[in-house]
Structures are given as C-alpha cells and as structure tokens.
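The values are calculated or read from the model by the stated rules, or taken from the named source; none is laboratory data. Keep in mind that this is a model prediction, so the values were computed, not measured. Cβ placement follows ideal geometry from the backbone for every residue including glycine, while neighbour counts extend to all protein chains displayed. Each accessible area value is taken on the protein alone, full model and side chains, heavy atoms only, with ligands, DNA and RNA left out. Shrake-Rupley method; radii C 1.70, N 1.55, O 1.52, S 1.80 Å.
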Amino acid sequence: VYARTKIEEKYEETYYDDDGKRQTRQNTTTLTDNTLKTNFKVDDGTGSIQVNPDGAEIDAIEVISRYSLEKNHQVSENKRILGYQYNEWILPLNTNVYVMGEVRNHQSELAINKPSDSENNFFITHKSEEQFLQEKQSIASHQNIYMAILGLGTICLAWLNVTS
C-alpha cells in the first residue's frame with residue numbers, strides 16, 4: 001500500500017576558500033525521491049475501516065539500504081562522484097500496522113484521515129502500538145534532556161558574561 005524509493009549521489013568537490021586555499025568537501029544530492037501510496041483498509045478483528053494515507057508520517061519497513069562505490073568518476077574539474085546510496089521502504093499488503101489519525105466521514109463511509117486540527121498527529125507505522133509509543137516517549141525524553149543541558153549551558157554563559 002506504500003512504497004518509497006530514494007537515490008542519493010555522494011560526491012566530493014574542490015573549491016577555493018576566501019584565502020584562496022584549495023579545499024575539498026563531501027556533499028550529497030538527491031537524484032530521486034519517489035513515493036507511491038494508496039488508500040487501504042485495516043481490520044482489527046472486529047471490523048475494518050478505510051485509511052487515507054495523505055498527510056501521514058509513514059514509518060515503513062526498509063527493504064533496501066545499499067551504498068554503491070563509484071571508482072574515479074570525474075564529472076568535472078571540481079567534482080568527483082564517490083558513489084550512490086539506494087534506499088527503499090514499503091508497507092506491503094497484509095502487514096500489521098498501527099494507525100493514529102482522525103476518523104471522519106469520507107465518501108459516505110468512515111475513514112481514518114489526517115486530523116483537521118494541525119496540532120494533532122497522523123501516523124502509520126509497521127510497529128505495534130506499544131513499540132511506537134515507547135519510541136516516541138524515548139525521543140521526547142532525550143529532547144527534554146538536551147533542552148535541560150542547553151538551558152544550563154545558557155545560564156552558565158550568562159553568568160560568565162555577568163562576572164567578566
């Protein structure tokens with residue numbers, strides 16, 4: 001019901017800095033990032049409901065993650081291709097999914113859609129509800145720790161400026 005393919009080109013380029021020194025840096029360009037999705041039904045054993053995936057954050061199964069080296073492929077005097085990163089994610093039919101969205105009437109039947117209130121989230125994941133919520137709580141916990149550290153750092157810098 002969902003497929004995404006992404007191909008990135010990794011390259012090295014030569015440039016001159018403000019002092020006229022020759023420098024090299026690595027960079028990435030996305031060559032393609034295509035997504036295909038369709039409406040589908042989920043069945044929890046008590047009944048089924050249509051899901052309209054438009055606008056959802058979709059956590060699909062990564063089936064391809066491959067880096068292919070490119071040997072000495074000089075594109076120009078200043079650019080050399082290093083390789084290509086290939087990734088593909090899918091949600092195949094008959095996969096267990098967890099969907100968090102808003103149930104509304106859609107074309108005369110109930111369907112799970114993107115919430116009308118942009119403050120609410122819309123997720124489709126191949127993980128169980130428990131795995132999904134645990135992952136989101138872990139991310140939120142880490143963000144709180146980072147914010148506390150940044151806040152403490154800001155206070156320390158402000159104190160150092162006052163005492164200087």
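Give a residue-ordered list of calculated ³J(HN,Hα) values for the stretch 7-14 (Karplus: 6.51 cos²θ - 1.76 cosθ + 1.60, θ = phi - 60°; whole Hz; x for Gly, Pro).
10, 10, 9, 9, 9, 10, 10, 9
What do the square roots of 5 times the Cα gyration tensor eigenvalues come to for the stretch 1-45, in whole Å, largest first, as semi-axes of the equivalent ellipsoid?
45, 9, 7
Which whole-number percent gives the relative contact order of the stretch 1-132, counting Cα pairs below 8 Å spaced six or more residues apart?
Working: 280 pairs, mean separation 36.4, N = 132.
For the stretch 1-132, the relative contact order is 28 percent.
Out of all Cα-Cα pairs in the stretch 1-87, roughly what percent, to the nearest whole number, are more than 17 Å apart? Intermediate results must be reported in sequence, preceding the final value.
Working: 2403 of 3741 pairs.
Considering the stretch 1-87, 64 percent of its Cα-Cα pairs are separated by more than 17 Å.
Which semi-axes, in whole Å and largest first, does the equivalent ellipsoid of the stretch 74-130 have when worked out from the alpha carbon gyration tensor as the square roots of 5 times its eigenvalues?
Details: eigenvalues 319, 56, 29 Å².
Each semi-axis is the square root of five times an eigenvalue, giving 40, 17, 12 Å.
Heavy atoms only, 1.4 Å probe, whole protein assembly: order Ser65, Ser76, Ser108 by accessible area, highest first.
Numbers: Ser65 80, Ser76 55, Ser108 115 Å².
Ranked from most to least accessible, the order is Ser108, Ser65, Ser76.
From the Cα trace of the stretch 1-148, what convex hull volume per residue do you get, rounded to a whole Å³? Could you put the intermediate results ahead of the total?
Details: hull volume 28.0 nm³, N = 148.
Normalising the Cα hull of the stretch 1-148 by residue number yields 189 Å³.
So if we plug the beta-carbon distance of Glu130 and Asp18 into 1/(1 + (r/R0)^6) with R0 = 41 Å, what FRET efficiency do we get, rounded to 0.05?
0.15
Using a 1.4 Å probe and counting only protein heavy atoms, arrange His106, His73 so the residue with the most accessible area comes first. Can you show the working numbers first?
On the way: His106 50, His73 80 Å².
Per-residue accessible area, sorted high to low, gives His73, His106.
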